Amino acid sequence: GNGTDDSVDIAVGYSSDDNLNGIPDECEPQGLRYCFCTSGPCGNSDSGAGCANSTGVGASLDAIGSASVVVDDLRLTAIFLPISKPGVFYMGGGQSQTVFGDGQRCVSSGGVGIYRFPIQSSGSTGTMTLGPGLVDLSCPLFTGPGCILAGSTWNLQNWYRDPMGPCGAAFNLSNGLSVTFTP
């Protein structure tokens, strides 16, 4: 997305390509997506994302950039959200798949707690983004076990308001995303 061919960025050292697939590492999705809505609480299934919301599809959470705590360029993006609604990204040490509102809660404390990032709006595009700077944000915001450190695995999800949602709970969630952070 910088206007330079990927092979040039890699060749001159502006970008790394650790898996040697010809795509700069910062442009590849990071983490493992999980907790797809195969059985929605009111028939609102979406097998490739969270449970379907008032847009007709489920919210999808992905991350691009690296999982390096030093580089700290990971960017979370939730798409297909209702327009101009509040929501939060949150993280925890464990995974679950429990009916919650119009969707499924995919993140549990895993013995280290659940940590919420600041509230944002989905704006006119129905999208929320967090990062880069996720690591730097986590440590002053969540002291102690909530700091993102090299070697730690965090499960992330997006929760959002959906007053016109299909099941009547007025909120829903994206799929889950598990990221193991590296040095």
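Taking every pair of alpha-carbon atoms in the stretch 80-143, give the share separated by more than 16 Å as a whole percent.
Percent of Cα pairs beyond 16 Å in the stretch 80-143: 57.
Here the Karplus curve 6.51 cos²θ - 1.76 cosθ + 1.60, taken at θ = phi - 60°, turns the phi angles of the stretch 176-183 into couplings of x, 9, 9, 10, 9, 7, 10, x Hz, with x standing for Gly and Pro. Taking amide hydrogens as placed 1.01 Å from N in the peptide plane, the amide H of SER45 sits under 5 Å from those of GLY40, ALA52, each at least 5 positions away in sequence or on another chain. In the complete set of protein chains, residue-level accessible area for TRP159 is approximately 60 Å², probe 1.4 angstrom. Other residues with beta-carbon under 14 Å from the beta-carbon of ASP46 carry, at +1 per Lys or Arg and -1 per Asp or Glu, a net charge of -1. What is the local net charge at SER174, summed over the other residues whose Cβ is closer than 15 Å to its Cβ (Lys, Arg +1; Asp, Glu -1)? Charge balance in the 15 Å sphere: +2. Here the spin labels are modelled as points 7 Å beyond Cα on the Cα-Cβ line, and at ASP5 and ARG75 they lie 2.4 nm apart.
Once the Cα-Cα distance is subtracted from the 0.36 nm per residue extended length, the SER16 to SER152 segment shows a gain of 46.7 nm. With K and R counted +1 and D and E -1, the other residues having a Cβ less than 10 Å from that of ILE148 yield a net charge of -2.
Placing +1 on each Lys and Arg Cβ and -1 on each Asp and Glu Cβ, with no other charges, gives the stretch 32-183 a dipole about its Cα centre of roughly 180 debye.
Between the listed residues SER178, VAL70, TYR90, the Cα displaced farthest toward the positive end of the dipole of the chain, a dipole computed from Cβ unit charges relative to the Cα centre, is found at TYR90. Summarising the amide proton neighbourhood of PHE100: residues at separation of 5 or more, or on other chains, whose placed amide H is nearer than 5 Å comprise ARG105.
Only one item in (1) 10, 36, 32, 18, 3, 0; (2) 9, 31, 27, 17, 8, 6, 2, 0; (3) 9, 35, 39, 16, 2, 0 matches P(r) over Cα pairs in 10 Å bins from 0, in percent derived from the coordinates shown, and that item is (1).
Sum -39500 (n - 2.57) across every DSSP H segment of at least 4 residues in the chain, then divide by the residue count to get the 222 nm mean residue ellipticity, nearest 500. For the chain, the value works out to -2000 deg cm²/dmol.
The values are calculated or read from the model by the stated rules, or taken from the named source; none is laboratory data. Model, not experiment: these values are computed from the prediction. Note that we place each Cβ from the backbone using ideal geometry, even for glycine, and neighbour counts take in every protein chain shown. For the accessible areas, the whole protein counts, side chains as well, though only heavy atoms, and no ligand, DNA or RNA atoms are used. Shrake-Rupley method; radii C 1.70, N 1.55, O 1.52, S 1.80 Å.
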